[in-house]
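Since the structure comes first, as structure tokens, the remarks are kept for the end.
The values are calculated or read from the model by the stated rules, or taken from the named source; none is laboratory data. Here the structure is a predicted model, which is why all the values come from computation and not from measurement. Using ideal geometry, Cβ is built from the backbone for each residue, glycine included, and neighbour counts are taken over all protein chains shown. Just the protein is used for accessible areas: all its heavy atoms, side chains included, with ligands, DNA and RNA removed. Shrake-Rupley method; radii C 1.70, N 1.55, O 1.52, S 1.80 Å.
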Amino acid sequence: MTRARLPFLALLLLLVMLVSLSLGKYQVGLAEMTGFLLRRLVGLPSADPNRQAILENVLLQIRLPRILAAALIGLVRRRALGFRPSAVRRSIS
């Protein structure tokens, strides 16, 4: 992989992770999710404590650990297996 692709792929991974955070049984809008995460980082209280508790449970306790684990496993797998797309293409044909 060329170094020129790395920033693009990192940005794409971040975008997919953000979209993954918002999808699920309890759908969370992107604006609501970013507002929640920013308030959480800064330490500001929410206007609706019940919704804040639900978002904290769904986003921080369930979805975020799964998404981070999937990204970490993908990275480790790629490093451990020495994945090279050209080698896969050669083995298929």
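Note on segment 49-69: among residues that are open to solvent by 50 Å² or more (accessible area, probe 1.4 Å), in contact with a helix residue (DSSP H, G or I) (Cβ under 9 Å, 6 or more places away or on another chain) and under 12 Å from Phe36 (Cα atoms), the one that is modelled with the lowest pLDDT is Arg51.
Of all residues in segment 25-48, those being under 18 Å from Arg66 (Cα atoms), part of a loop (DSSP other than H, G, I, E, B) and open to solvent by less than 100 Å² (accessible area, probe 1.4 Å) number 1. Scanning segment 9-24 for residues that are more than 14 Å from Leu64 (Cα to Cα) and modelled with pLDDT of 90 or more yields Leu11, Leu12.
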